[in-house]
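Below is one structure, written out as structure tokens, with a few remarks after it.
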Amino acid sequence: MSRIRSGTVPGVGLVHAPFSLLPAHLPEPFWKQACELAPIFNELVDRVSLDGNFLQDSLSKTRQVDDFTSRLLEIHRKMMEINKEENIRLGLHRSDYMLDSETSSLLQIELNTISTSFPGLGPLVSELHRTLINQYGRVLSLEPKRVPGNAASSKFAEALARAWTEFDVDSAIVMMIVQPEERNMYDQYWITKYLKESHGITTLRKTLTQVEAEGHVLPDGTLLVDGKKVAVVYYRAGYTPNDYPSEAEWSARLLIEQSSSVKCPSISYQLVGTKRIQQELANPNVLERFLENKEDIAKLRKCFAGLWSLDDEEIIKTAIEKPELFVLKPQREGGGNNIYGLDLRETLTRLQKEGGDALAAYILMQRIFPKASLAYLVRGGICHEGLVISELGIYGSYLRSKDKVITNDQCGYLMRTKVSSSDEGGVAAGFAVLDSLYLTDKVIHN
């Protein structure tokens with residue numbers, strides 16, 4: 001079974017990752033819709049990443065009140081000043097959705113472009129559920145074929161291997177950037193396993209602190225870390241201010257960005273995944289700046305929830321009056337950061353009084369109301385029954401070498417389930433459990 005480092009259970013080094021005993025039901029049309037969106041979002045991320053001025057301008061107010069975003073933009077600006085080109089661009093993304101019961105719509109929560117988690121453990125839960133249904137399906141009235149296959153870990157490894165091949169240096173390695181006290185290392189292990197066993201590629205695990213101490217860039221742009229040439233840098237850290245406790249880590253991030261290594265993600269891909277850019281792309285006529293296909297644009301707009309910047313006094317007034325209809329999102333990743341209900345009202349009221357650009361650090365989003373259902377959740381070896389809601393994440397891989405698109409695929413999924421009374425949804429943050437999908441013919445209605 002999938003495992004994580006404990007960190008919370010005294011005397012125990014490993015515990016199983018929390019999981020749902022049986023898969024969550026989802027009408028098949030919504031599953032197909034989410035899968036069709038993956039390559040469109042992949043292409044959109046790449047197109048937006050190439051428009052440096054759009055990224056800088058859209059995030060200009062955020063940088064004034066958010067030091068973390070400001071430091072990322074500083075590195076991005078330095079790359080623009082030297083006309084740094086990423087001829088090989090690799091993205092391993094995950095777009096997250098919830099099914100809104102009030103509108104019968106699949107709505108996007110966010111698009112993750114850095115350190116998309118659980119491609120390793122998610123497929124294990126899918127396999128667990130298929131095994132249980134094979135064994136007890138008649139009793140449960142469930143069919144194993146209705147649990148979709150999930151090859152996220154092998155597909156991610158394949159995309160990394162293809163990027164390694166495009167880099168074309170036989171002795172080079174893939175470097176995975178990790179946190180010093182990584183609890184989710186066994187999720188990452190599966191990527192390393194497939195890279196070695198299926199593609200013969202060695203993975204080196206390093207923190208940003210270690211990269212700063214052991215790394216340097218040769219005159220030709222080659223990144224050397226611990227004496228080894230690095231073909232691909234795969235970030236499973238670097239998405240939160242906690243990953244940069246000193247200037248050493250920022251120096252390491254800049255060093256990597258200056259090198260010729262393939263970055264997954266590059267600094268520009270990471271910026272495309274910010275909440276503010278998500279909100280900006282939802283504005284009228286902005287998608288048309290990056291995409292030509294009208295059908296693709298319509299598909300994207302169909303899944304956009306309501307998104308607003310906080311320079312609109314009317315929407316702030318509405319949110320203060322009816323806070324239960326909104327989510328206040330700061331520019332932070334990793335779970336546990338969003339603001340709801342009375343806390344939302346209090347935060348908006350306080351920020352208004354502070355004045356200035358304080359509001360620019362946040363966006364407002366329409367709150368999505370999924371239908372709750374009964375489920376059995378297993379955490380720490382104990383099974384709990386409760387009313388739950390679920391969130392679907394669709395993984396995507398994108399690889400472009402100069403003008404040639406090598407990979408643009410949907411490559412697996414992540415289902416996360418949490419008790420319906422919980423606002424947050426991160427598994428690693430302790431709010432949700434890993435789950436899988438059971439496709440049904442039934443579509444919800446108002």
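The values are calculated or read from the model by the stated rules, or taken from the named source; none is laboratory data. Not measured: the values here are computed from a predicted model. Note that each Cβ is placed from the backbone with ideal geometry, even for glycine, and that neighbours are counted across all protein chains shown.
Below are the figures for this structure:
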quantity	calculated
Of the criteria (1) under 28 Å from PRO241 (Cα atoms); (2) not assigned by TED's automatic domain parsing to the domain that holds GLY52, which one ALA282 fails	(2)
Of all residues in the range 206-226 being touching a Lys or Arg at 6+ places or on another chain (Cβ under 7 Å) and either assigned to a loop (DSSP other than H, G, I, E, B) or of a type in the set (Val, Ile, Thr) (or both), the one that is surrounded by the fewest Cβ atoms within 10 Å (Cβ to Cβ)	THR222
Subset of the range 208-239 (residues that are closer than 26 Å to LEU399 by Cβ and hydroxyl-bearing (Ser, Thr, Tyr))	THR222, TYR234, TYR235, TYR239
Selection from the range 307-329 of residues that are loosely packed, with under 15 Cβ neighbours inside 10 Å and either under 18 Å from the mean Cα position of the chain (by Cα) or in a loop (DSSP other than H, G, I, E, B) (or both)	ASP311, ASP312, LYS322
Lone unmet requirement of (1) aliphatic (A, V, I, L, M); (2) under 14 Å from LEU92 (Cβ atoms); (3) without any contact (Cβ under 8 Å) to a residue 24 or more places away in the chain for LEU195	(3)
Every residue from the range 101-140 that is farther than 30 Å from LEU44 by Cβ and not aliphatic (A, V, I, L, M)	GLU127, HIS129, ARG130, THR131, ASN134, GLN135, TYR136, GLY137, ARG138
Identity of the residue in the range 339-388, free of Cβ contacts under 8 Å to residues at least 24 places away in the same chain and hydrophobic (A, V, I, L, M, F, W, C), that ends up farthest from VAL327 (Cα to Cα)	ILE382
In the range 356-374, the residues that are part of a loop (DSSP other than H, G, I, E, B) and out of contact with any Asp or Glu (no Cβ under 6 Å at 6 or more places or on another chain)	GLY356, ASP357, ARG367, PRO370, LYS371, ALA372
Filter pass, GLU249 being out of contact with any strand residue (DSSP E or B) (no Cβ under 6 Å at 6 or more places or on another chain), at pLDDT below 95 and of a type outside the set (A, V, I, L, M)	no
Matching residues, the range 252-305, being in contact with a strand residue (DSSP E or B) (Cβ under 6 Å, 6 or more places away or on another chain), small (Gly, Ala, Ser) and more than 21 Å from ALA38 (Cβ to Cβ)	SER259, SER261
Restricting the range 234-251 to residues that are crowded, with 20+ Cβ neighbours inside 10 Å and part of a loop (DSSP other than H, G, I, E, B), the residue that is farthest from the chain's Cα centre (by Cα)	TYR244
Total residues in the range 81-107, condition of a type in the set (A, V, I, L, M, F, W, C) and either farther than 23 Å from TYR234 by Cα or out of contact with any Ser or Thr (no Cβ under 9 Å at 6 or more places or on another chain) (or both)	5
ILE389, sole failed condition from (1) of a type in the set (A, V, I, L, M, F, W, C); (2) assigned to a strand (DSSP E or B); (3) farther than 24 Å from THR116 by Cα	(3)
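Listed here are the residues, each with its yes/no results for (1) loosely packed, with under 14 Cβ neighbours inside 10 Å; (2) within 30 Å of ILE363 (Cα to Cα); (3) modelled with pLDDT of 95 or more.
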| site | (1), (2), (3) |
| --- | --- |
| VAL15 | no, no, no |
| LEU22 | no, no, yes |
| PRO39 | no, yes, yes |
| GLU43 | no, yes, yes |
| LEU55 | no, yes, yes |
| LEU73 | no, yes, yes |
| HIS76 | no, yes, yes |
| MET79 | no, yes, yes |
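Matching residues to (1) touching a residue at least 24 places away in the same chain (Cβ under 8 Å); (2) in a helix (DSSP H, G or I); (3) buried (at least 19 other Cβ atoms within 10 Å of the Cβ):
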position: ARG253; (1), (2), (3): yes, yes, yes
position: GLU257; (1), (2), (3): yes, yes, yes
position: GLN270; (1), (2), (3): yes, yes, yes
position: ILE277; (1), (2), (3): yes, yes, yes
position: GLU288; (1), (2), (3): no, yes, no
position: LEU291; (1), (2), (3): yes, no, no
position: GLU295; (1), (2), (3): no, yes, no
position: ARG301; (1), (2), (3): no, yes, no
